[in-house]
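What follows is a short report on a single structure.
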Amino acid sequence: MSKITEIYSSLCLFTVTRDILKTPVIKSFMEYCEEENKQEKLKKYGEFVSLIYQNGGSLSSCVKKALFENENVYVKAVSKDEKISKSIEGSLAFELDTLNSLASLSSDSFALDMKVSIKIPEYDVDKDDITKAYKDRLSEIHRHGYGIFASYCMFSSTDDGEIIPIESADTTNIDSFIGYKEERQRVLDNTKAFLEGRPAANILLYGDAGTGKSSTVKAVANHLFESGIRLIEIRKTQLLLLPKIMAQISKNPLKFIIFIDDLSFNKNDDNFSMLKATLEGSASAKAKNAVIYATSNRRHIVKESFGDREGSDIHRNDTVQETLSLSERFGLTILFAKPPKPLYLEIVKELAIRNNIKMDENELYVRAEAFALNRGYRSARCAEQFIDSLM
């Protein structure tokens, strides 16, 4: 029996990590092994290598990524610190050995298997010990997670409540900001406390548009990714899905930021009650490993009119207080105010340096101020747009 046939036979017997056979590269390998026609086998090999190239060019890395993202009974038991049967332990050991063999399989083995004299496409093979890497990762599962959460930092939700990774997520770095240092530090400190199991608050970041509220939350998530933070962004219209989303993550070893951007409600919005219940810690809507971070351009995030205050409701004062106090249910509220002129110009100057723009400082400031006045406001976003216009 050839090495390739032996690996294929072993893969067929997978139980613990069986879903790994559905991942593109390993599925392609299986299809290659199952093909008997020589010409079709060559095509299957080409497809196999093409998939490896699409994922960086290393077969070893493809196998390792598939393993790390695999959600199985073993990894779930480890995350809950549950006892694992000897039969499952034995099956996993067998599967890890097989994956090690697959990951180290060179293109020469395929040339020998197909008995071809032509030069076939090659790919990279690393010398990683996948078994050791997997065990090391499981020993810090609270930092790395499993399943889709193993490789991605940010996620969104479908309208059915399915959590899906954001492939092209914001990669903003926390060190790239200019100004608002104290405001960002408060968000960072709260998130670190959350990670460490200390009391942490739900946060409302409010203030003027373009001041970096959303970017701050995403930058903090990126900064603490390796420590075990993941971000799930939901729309205001998806708040009724919170119980379903929370149920999916409640037993996960990672910590989650549920992020709602640009939050505001009308008085009779059904989503208002769901968010209120979550912030108040309702058992059906809250997970212990999740916090809510929201941004808004207004301190009181429920829109009201003078008619709301002057209505005929006997208990209208209670009604008004109910709508106005939602923001107070966030344990921490942080104001991102419109930057004063000196801070705005400081941001402009630093961005100009970073983008290698050569201009007299006074001229830069005059043009930046004119740009802001033309738009009717100063903000970090306005500064970025001004620099973009120069470029």
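What do the square roots of 5 times the Cα gyration tensor eigenvalues come to for the range 94-174, in whole Å, largest first, as semi-axes of the equivalent ellipsoid?
35, 19, 13
How much length would be gained if the chain were fully extended between S168 and I118, taking 0.36 nm per residue of separation minus their Cα-Cα distance, in nm to one decimal?
Length gained, S168 through I118: 14.1 nm.
Would you compute, from DSSP H runs of 4+ residues alone, the mean residue ellipticity of the chain at 222 nm, taking -39500 (n - 2.57) per run and dividing by the full residue count, rounded to the nearest 500?
Computed ellipticity for the chain at 222 nm equals -14500 deg cm²/dmol.
Kirkwood hydrodynamic radius, computed over distinct alpha-carbon pairs, for the range 191-242: how many Å, to one decimal?
12.8
Starting from the Cα-Cα distance between D388 and S273, subtract it from 0.36 nm times their residue separation and give me the gain in nm to one decimal.
That works out to 37.2 nm of additional length.
Is there a pair in K65/K349; K80/K181; K86/K286; K83/K255 whose C-alpha atoms are over 30 Å apart, and which pairs would that be?
Beyond 30 Å: K65/K349; K80/K181; K86/K286.
Using alpha carbons only, how many angstrom separate the centre of the range 157-188 from the centre of the range 25-93?
31
Loop-only trypsin sites (Lys or Arg not before Pro) in the range 114-213, please: DSSP not H, G, I, E or B, and at most 14 other Cβ atoms within 10 Å.
Loop-located and lightly packed - K115, K119, K127.
Once R0 is set to 22 Å, what does the formula 1/(1 + (r/R0)^6) return for the Cβ-Cβ distance between D128 and A93, expressed as a FRET efficiency to the nearest 0.05?
Working from the Cβ atoms, E equals 0.80.
Read phi for every residue in the range 237-247 and hand back ³J(HN,Hα) as whole Hz from Karplus 6.51 cos²θ - 1.76 cosθ + 1.60, θ = phi - 60°, with x for Gly and Pro.
Once θ is set to phi - 60°, the couplings for the range 237-247 become 6, 9, 4, 5, 8, 3, x, 5, 5, 4, 5 Hz.
Å³ per residue of the Cα convex hull, for the chain?
About 188 Å³ per residue, rounded to a whole number.
Any read-out appearing in this document is the output of simple, stated calculations on the displayed coordinates, not a laboratory observation. Just so you know, these numbers come straight off a predicted model, no measurement behind them. Cβ atoms come from the backbone with ideal geometry, glycine included; neighbour counts cover every protein chain shown.
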